[in-house]
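See below for the structure under consideration.
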Amino acid sequence: MIKRPHKWRDTAWKQAIVDGAIDAIGYFMPDLASDMDMSREVIGIMGMELPRAGSDSDKGMLVSDVFLNVPVVGGEDWSVVCIAEQQDEHEENFAMRIFDSWVRLRAQRPAGRTTGFAIYTGDSKNVNFYSESCYGLKASLEFRTFHVPSYNTEELREDKRPFARVMYASRLSLESGDDAFLREKYAWEILNMTGEQGYDERQKKYILEFADRIFWVKGPGISDNLKEAYNMQTISLEEYSRKISEEAARMEGLEEGMEKGMEKGMEKGKEEGVEEKAFEVARKMLARNMSVSDIVDITGLDENDILALRLK
């Protein structure tokens, strides 16, 4: 069952689309990407205000999630509005936001050069159409909506395009929800995959910043080793492997040190410190889903103490 994520993940989507605008257009709108003028910059704005026609008040404002100004061959620019919804929202309200955003942007921009797309993680698969009518006047809008829960995780995993990594991370975040163990597991996976693919520094940056936010790496229950790796922003597969090896060696050293200490007898005054270190090691082993029996063998702690840690 897919768990509903927190609001912090909305920001992850908006920032990723702005920072990875070229790759986002290539992934979500390949037809527009084929007409892009790559010699000019794609301008992205988070939270652009779209006033209602004829309104000068704040009450007439609508804030879009992301606005992109996309240069195309021939000197013209296309305006793209994007709504990214990582929270529960009724599908009619979601579709209405896209419609209202497009209408307001269309009123400000040249005819025929205004488009948009949406990213949705709610339960409904049919959020790509909006229509309303009033005494014979009917207006409707059909738009591209990318429904993240509908994507197959294995297919996303095999897709090497940089923005596919963003989609894959988003899909995994729906599975992890608020579970710290799964958040850490999937955050490591994205970090590893990003290092393997050899993306350029710009691509690594927005992929890993997205993963940092979407999995709440800075939040509770996440190991210091993972937090340190994400603070580095970009990491190669070799660097990732080195950090894992160092962690394993450190754990092995702690294990050997504890065994020697148990053989010789713990020195007076250090017993509490050794026991505290044993509990620290046990917590990290639980975070890596090691069995209780193995943790007991390595740390020397009582099985009931290990089980009590698991419940905390």
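Past the 26 Å Cα-Cα mark, which pairs from Lys125/Lys204; Lys160/Lys205; Lys14/Lys138; Lys14/Lys125; Lys205/Lys284?
Cα-Cα > 26 Å for Lys125/Lys204; Lys14/Lys138; Lys205/Lys284; rest within.
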Point to revise | Sequence-distant residues sharing a close amide H with Leu50 (under 5 Å, placed H) | key: Leu62, Val63, Ser64
Check your understanding: Residue by residue through the stretch 71-79, which ³J(HN,Hα) values in whole Hz follow from phi under the Karplus form 6.51 cos²θ - 1.76 cosθ + 1.60 (θ = phi - 60°), with glycine and proline marked x?
Key -> x, 10, 4, x, x, 8, 10, 9, 9
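Computed from the coordinates by the stated procedures, all read-outs in this text should not be read as laboratory data. Just so you know, these numbers come straight off a predicted model, no measurement behind them.
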